[in-house]
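Below is one structure; the comments refer to it alone.
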Amino acid sequence: GKKVGIVGATGAVGEEIVGCLEKRGFAVSELKLFASARSAGKVKETPMGEVTIQEFSLESARDCDFVFLAVGGDFAKEYAEKLTEGSGPIVIDNSSAWRMDPDVPLVVPEINLEACKGKKLIANPNCTTAIAIMALYPLHKEFGVKKCIVSTYQAASGAGAPGMNELLDETKKYVTTGEMPANKIFAHPLPLNVIPHIDVFQENLYTKEEMKVTWETRKILDVPDMAVSCTSVRIPTMRAHSEAVTIETEKPITTESARKVLEAAAGVTLVDDPEASKYPMPLTATGKYDVEVGRVRANDVFGEHGLDFFVCGDQLLRGAALNAVLIAEGLVA
Ligand code: HSE
């Protein structure tokens, strides 16, 4: 087994990493859970037994084979290289700190695991990118994606446990008192609302969340000039992101040929039976490892080269923890 450390072990993503390691049968000889001083000393029941949470120390974390970073970008910027130096562990970072660094691979294991070769610091993509790309990649391989327009419907879990708590608390208070309490995590109250604002606005009037979809999709698919435009919207769901995607392809594409490709794709479950009211939804995608893809249809906006589809994926699993654990799994295979 491997010695595994999780930094940010008490956060929403950290907890899911523990769960994925167990459910996927990843052989762990020792599990180290790192969190803030506030949580240090608490004993956590994990599927691998009781583990006492410790405050992060470089020395203790460097004594691992794999370290998952499920904390903010500032921490990752400061510690990732110090961790991997010399005989240090392989670090899989869930933050955006290193994703666009040309020396750091940005990895979705089903797509570009080989990019990890010889690397000790590996970046996990943004959830929105990781979920849509499960459908985009097989379509790109078969038909060549030239242009891509994405509209997202993102769950509260994208802002971690505090975001999920805020949505629940605000909803409860609103339902019981009729008054909408003040928001702290999101830009506006989220219940009964949609907010077209995730992360900070850029000079080009896109948000950083939207630009991540452009930057990261290009990097993972290795198409630096792919035309990608995204509108990212927060909606009052808990933990599965949904995305409506329109593509223009190099080769002609039809509903049937696209469905066939998606049906065979790793990490994708085709849920596409409109007559039976079957299509992807957060309700059904939550807790699943695969992303659901449906509403597949050729669009004639791009002649015979256009396709629309809808994808839903568990933001904490494929969008974060599962992807990270699959990378580690691929590296020990
Ligand atoms: N930035 C995303 C969101 C989470 O806010 O939904 C990505 O991991």
Which residue out of Val104, Val145 is among the β-branched types (Val, Ile, Thr), at pLDDT 95 or above and buried (at least 24 other Cβ atoms within 10 Å of the Cβ)? Val145
Going through (1) over 19 Å from Lys119 (Cβ atoms); (2) surrounded by fewer than 16 Cβ atoms within 10 Å (Cβ to Cβ); (3) free of Cβ contacts under 8 Å to residues at least 40 places away in the same chain one by one, Gln54 fails only at (2)
Out of all the residues in segment 102-128, which are within 13 Å of the ligand (Cβ to nearest atom), assigned to a helix (DSSP H, G or I) and closer than 14 Å to Leu322 by Cβ? Cys127
Determine the pairs where a residue that is open to solvent by less than 50 Å² (accessible area, probe 1.4 Å), located within segment 288-311, has a partner that is outside any strand (DSSP E or B) and charged (D, E, K, R) with Cβ atoms under 6 Å apart, the partner being 6 or more residues away or on another chain. Val291/Arg318; Gly294/Asp272; Val296/Arg259; Val296/Asp272
Hey, could you check segment 193-205 for residues that are open to solvent by less than 70 Å² (accessible area, probe 1.4 Å) and either over 21 Å from Met238 (Cα atoms) or more than 10 Å from the ligand (Cβ to nearest atom) (or both) and say which is farthest from the chain's Cα centre (by Cα)? Asn193
What residue, among those in segment 166-192 that are of a type in the set (A, V, I, L, M, F, W, C) and within 16 Å of the ligand (Cβ to nearest atom), is surrounded by the most Cβ atoms within 10 Å (Cβ to Cβ)? Leu167
Can you say whether Phe75 is open to solvent by 40 Å² or more (accessible area, probe 1.4 Å), at pLDDT 95 or above and within 16 Å of the ligand (Cβ to nearest atom), as far as the supplied structure shows? yes
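Which members of segment 171-223 meet the condition of being touching a Pro at 6+ places or on another chain (Cβ under 6 Å) and within 18 Å of Val245 (Cα to Cα)?
First pass over segment 171-223, keeping only residues touching a Pro at 6+ places or on another chain (Cβ under 6 Å): 171, 173-174, 180, 183, 185, 190-191, 216, 218.
Of everything in segment 171-223, those that are touching a Pro at 6+ places or on another chain (Cβ under 6 Å) and within 18 Å of Val245 (Cα to Cα) turn out to be Glu216, Arg218.
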Candidates Pro280, Pro224, filtered to the one that is free of Cβ contacts under 8 Å to residues at least 40 places away in the same chain, open to solvent by less than 20 Å² (accessible area, probe 1.4 Å) and part of a loop (DSSP other than H, G, I, E, B): Pro280
Can you give me the number of residues within segment 252-277 that are free of Cβ contacts under 8 Å to residues at least 12 places away in the same chain and either surrounded by 12 or more Cβ atoms within 10 Å (Cβ to Cβ) or assigned to a loop (DSSP other than H, G, I, E, B) (or both)? 3
In segment 1-27, the residues that are among the hydrophobic types (A, V, I, L, M, F, W, C) and buried (at least 21 other Cβ atoms within 10 Å of the Cβ): Val4, Ile6, Val7, Ala9, Ala12, Val13, Ile17, Val18, Cys20, Leu21
Residue in segment 79-94 that is open to solvent by 20 Å² or more (accessible area, probe 1.4 Å) and within 15 Å of the ligand (Cβ to nearest atom) present: yes
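The values are calculated or read from the model by the stated rules, or taken from the named source; none is laboratory data. This one's a predicted model, so the numbers in the text were calculated from it and none came from an experiment. When we count neighbours, we look across all protein chains shown, and the Cβ atoms used for this are built from the backbone with ideal geometry, even at glycine. The accessibility values were calculated without ligands, DNA or RNA, using every heavy atom of the protein model including side chains. Shrake-Rupley method; radii C 1.70, N 1.55, O 1.52, S 1.80 Å.
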